[in-house]
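K.L.:
One structure is given below, represented as C-alpha cells, and several questions about it will come after.
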Amino acid sequence: MDDRRRRDWAPELPLRTPRLLLREHRETDLDDLALFHGDERTVRYLPWPVRSRDDTRTALLKKLSQHRAPAEGDWLVLAIEEIATGRVIGEVDLRRGANGHADIGYVVRRDREGLGLASEAVREIIRVATDGLGVTMIDAHIVPGNTASERFAERHGFVRHPDGDVHDPENPTRAYRWTPTG
Ligand SMILES: CC(C)(COP(=O)(O)OP(=O)(O)OC[C@H]1O[C@@H](n2cnc3c(N)ncnc32)[C@H](O)[C@@H]1OP(=O)(O)O)[C@@H](O)C(=O)NCCC(=O)NCCS
C-alpha cells in the first residue's frame, strides 16, 4: 500500500477473497442491507436498532463515504459482497484508534451464517490492517450473551481482555483482543 493510502486508511478496493469482495457501499445496496438491518435476530447484539427500509437508507448514506478512515475515531466500513450472487451479505468494520490500535465489527445476514464467509472477511480485514494500515492491536467489544461472536473471535485468535470490559449497565461489553503474537 502506498504512503498516502496508508496515512488515510484508504485501502485499494475491492479486497478479494475466494468467495467475497470487500468494497465500498453503494446506494444500490439498499435492498440487500434492508434484509439484515431489519432482522431482529441479526442486530440483537449490535449497537444498531432494528431498522425500517427508510432507516436503513439513512444508515447506508453514512456508509457511502466510510471506505476510508483518515482520522482517529473514524470507522472504515466495508460491504461484504458475495461473488457468486453479487449481493451484499454483511459488513466488516475497523475503527481507527491511536498508536496502531483498532476496534473491529462484523455482521453477516442470517442465511449466510455457518458457511465460513464471515471468517473469510475478517481474516482479510486483519491482513490488510496489519500489512497495510500499521495496526498492531485489534479489540472486539462483544455484548454479553453473544456467544456466537465470542466463539468466532476466539477462532480468529482474539483472547479475553477483561481490562477492556465496559461495565455500563445500559451497554455492557466484554473485550477480546487480537495481537500478532496472540
Ligand atoms: C458473529 C458472526 C459474524 C459469526 O458468523 P459465522 O457464520 O458463524 O462465522 P464463520 O464465517 O466463521 O462460520 C463458522 C461456521 O461455519 C462453518 N464453516 C463452513 N464452511 C466453512 C469454511 N469454508 N470456512 C470456515 N468455516 C466454515 C464452520 O465450521 C463454523 O461452524 P461452527 O460455528 O458450527 O463451528 C455471525 O453470527 C453474525 O453476523 N452475528 C450477528 C451480528 C453480530 O452479533 N456480530 C458481532 C458483534 S460483536
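Every read-out reported here was derived from the displayed coordinates using simple, explicitly stated rules and does not represent laboratory data. None of the values given here were measured: they were computed from a predicted structure. Counting neighbours? That spans all protein chains shown, and the Cβs are built from the backbone with ideal geometry, glycine included.
K.L.:
So if we plug the beta-carbon distance of T85 and N171 into 1/(1 + (r/R0)^6) with R0 = 45 Å, what FRET efficiency do we get, rounded to 0.05? Mind showing how you got there, number by number?
P.N.:
Values: r = 35 Å, r/R0 = 0.77.
Approximately 0.85, to the nearest 0.05.
K.L.:
What is the spin-label model distance, in nm, from R53 to A148 if the labels are put 7 Å beyond Cα along the C-beta direction?
P.N.:
Placing both labels 7 Å along Cα→Cβ, they lie 2.5 nm apart.
K.L.:
Hey, another quick one. According to the Kirkwood expression over distinct Cα-Cα pairs, how big is the hydrodynamic radius of the chain, in Å?
P.N.:
On the way: mean 1/r = 0.0602 Å⁻¹.
Computed over the chain, the radius equals 16.6 Å.
K.L.:
In bins 5 Å wide, starting from 0, what share of all Cα pairs of the range 1-86 does each bin hold, as a percent?
P.N.:
Here the calculated profile for the range 1-86 is 3, 14, 19, 22, 20, 14, 6, 2, 0.
K.L.:
Would you mind calculating the gained length between H101 and T28 on full extension (0.36 nm times residue separation, minus the Cα-Cα distance), in nm to one decimal?
P.N.:
On the way: separation 73, 0.36 × 73 = 26.28 nm, distance 3.24 nm.
23.0 nm is the gain from fully extending H101 to T28.
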